[in-house]
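S.K.: Take this structure first; my questions come after.
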Amino acid sequence: MEARYALRKSQLLDECQITPEIFEQVIPRLYTFMKPFVTSFQGQAAEQHAKTYVCGLLSDVERKNIESIAYRLGQSRLPLQGFIGWDAWDDEPLRHVLISQVKTHLGQADGVLVFDPSGFPKSGRESVGVARQWCGRLGKVDTCQVAIYLGYVSRKGHTLVDTRLSLPKEWTQEKARLDKADVPNARRGFRTRHQLALEMLAAYGASLPHRWIAGDDEMGRPYWFRRRLAALGEHYLLAVPSNTAIRDLETPAASPGKGRRPQRSWHSVEVWSQSLDEAAWRRIDVRDGSKGPLVVEVVKRRVVSRTHRRQQGAEELLAVMRYRDRDQDEVVKVDYYLSNAVPETPLWELARVAKAEHRIEECLQRSKSEAGLADYEGRHWTGWQHHQTLSLLATWFLVRETQRGKKMDACHHTTADSPGHCSALARGVSVRHDVADVGRTPEALAAQ
């Protein structure tokens, strides 16, 4: 098996070679890409600042803050700093255009909306929303900002479409701190991360065709959130922690003694899944992983879980997925999900939705490493919002360029794109976008 995988790996690497034609005219395409987004700006200067900033986010600057971007592209720092940090332009129209484009290019009836929290490590306490809280990026409690992201996944692709900054309760109780960070009055009330997710669902759920809601175990942990999604008519498949208590409705209830009604025992999903016979698992081929071939083994069961008041909740569908290394035949990861889907839902469909949640995690990592999502160093609410929106646009441009690469160089076994495409694209932007190009029209650049 190792020899076969080595051969397959060599074939995949050969297929990932990117032809120079993919990067031709990338700057004119970027300017064309930005046109629908900048129509809401008043004045040519604001339009140009937006284009410059997105170019900088896609460049090879190591730290994509305002100062580095301005110097890299031969601009004055102060005008760009004012545009991002405190100018009163509304970023919501840009997000509406983004949603519309994602619907057009990626929209499918069985699409998946994914909610995923993400942390940004910070030092000090002045940046808006900073507090000691769980930071997934670091894997521990530390000083950071946390935002909730909404992503869209379909068979055509995946991207981020919206975000909300989570303000810890300690922030919402300090008016002077809120004033200093310029937090709008409408955003000063405390909202949990799940309430912020519901806000985004209400704002954009109807605009993005979808069949499922997905999210990680932080999103799936509260029983009330799952019930709220069900009440809204949404189908969810949400990851839950390994210690989530459930009762298996498909096993006979044990009698506790004479005169008592039979009761099913409570078990954590981890203990319950470990007690299953190997024959209960069904194997589904998924993909070639970064460390070798992977398959997923899935089991589903009708269950009830405990509520936050330690009562029995409504019936749900439990899906447990074990990722197994095909060569070593060992389990490398186990995920647990609860859903309001009907018991007849195919295993492959549950695996597809679970994979969508992982896709948005990958997209967040890509946005942070290649589109400057985590690099903003300002302290105010306005600057954070502006930076996040333009970073979402930069990420969407990368997605569109990736799709273009696939169309130019399709293959039978895998996508024509490779992980190196994005970094190569960034290098292409930075090389082509020199000082002389700033402010020039796409037509002038195309004529070179």
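The values are calculated or read from the model by the stated rules, or taken from the named source; none is laboratory data. These numbers were taken from a predicted model, which means no experiment stands behind them. FYI the Cβ positions are ideal-geometry reconstructions off the backbone, even for glycines, and counts take in every protein chain you see. We work out accessible area using only protein heavy atoms, side chains counted, and drop any ligands, DNA or RNA first. Shrake-Rupley method; radii C 1.70, N 1.55, O 1.52, S 1.80 Å.
S.K.: Would you be able to tell me the number of residues in the range 150-168 that are surrounded by 22 or more Cβ atoms within 10 Å (Cβ to Cβ) and assigned to a loop (DSSP other than H, G, I, E, B)?
M.R.: Final tally of qualifying residues: 1.
S.K.: Looking for whichever is hydrophobic (A, V, I, L, M, F, W, C) and part of a helix (DSSP H, G or I) here; the options are 147, 46. Which one fits?
M.R.: Checking each option against the conditions leaves just 46.
S.K.: Against the condition open to solvent by 20 Å² or more (accessible area, probe 1.4 Å) and not basic (Lys, Arg), how does residue 388 come out, does it pass?
M.R.: Judged against the criteria, residue 388 is not a match.
S.K.: OK, next. Quick check on the range 64-80: of everything there that is touching a residue at least 60 places away in the same chain (Cβ under 8 Å) and not aliphatic (A, V, I, L, M), which residue is nearest to residue 370 (Cα to Cα)?
M.R.: 64
S.K.: Quick one: would you say residue 237 is open to solvent by less than 50 Å² (accessible area, probe 1.4 Å), in a strand (DSSP E or B) and farther than 18 Å from residue 134 by Cα?
M.R.: Criteria met by residue 237.
S.K.: Could you please find all residues in the range 111-138 being in contact with an Asp or Glu (Cβ under 6 Å, 6 or more places away or on another chain) and not in a strand (DSSP E or B)?
M.R.: The answer is none; no residue qualifies.
S.K.: Please go through the range 83-110 and give me each residue that is part of a helix (DSSP H, G or I), small (Gly, Ala, Ser) and modelled with pLDDT of 95 or more, ordered by number.
M.R.: 100
S.K.: Something else: Tally time: how many residues in the range 318-342 are open to solvent by less than 50 Å² (accessible area, probe 1.4 Å) and closer than 19 Å to residue 236 by Cα?
M.R.: Count: 11.
S.K.: Please enumerate the residues belonging to the range 203-228 that are outside any helix (DSSP H, G or I) and within 20 Å of residue 242 (Cβ to Cβ).
M.R.: Scanning the range 203-228 gives 214, 215, 216, 221, 222.
S.K.: Would you check if there is a residue in the range 67-79 being crowded, with 22+ Cβ neighbours inside 10 Å, modelled with pLDDT of 95 or more and of a type outside the set (Lys, Arg)?
M.R.: The answer is no; no qualifying residue exists.
S.K.: Inside the range 100-137, can you point out the residues that are open to solvent by less than 20 Å² (accessible area, probe 1.4 Å), among the aliphatic types (A, V, I, L, M), out of contact with any Lys or Arg (no Cβ under 6 Å at 6 or more places or on another chain) and under 29 Å from residue 240 (Cβ atoms)?
M.R.: Across the range 100-137, the qualifying residues are 102, 112, 113, 114, 131.
S.K.: Can you tell me which residues in the range 343-379 are open to solvent by 40 Å² or more (accessible area, probe 1.4 Å) and part of a loop (DSSP other than H, G, I, E, B)?
M.R.: Scanning the range 343-379 gives 343, 344, 346, 377, 379.
S.K.: For residues that are more than 30 Å from residue 201 (Cα to Cα) and touching a Lys or Arg at 6+ places or on another chain (Cβ under 8 Å), scanning just the range 41-66, find the one that is surrounded by the fewest Cβ atoms within 10 Å (Cβ to Cβ).
M.R.: Across the range 41-66, the extreme among qualifying residues is 60.
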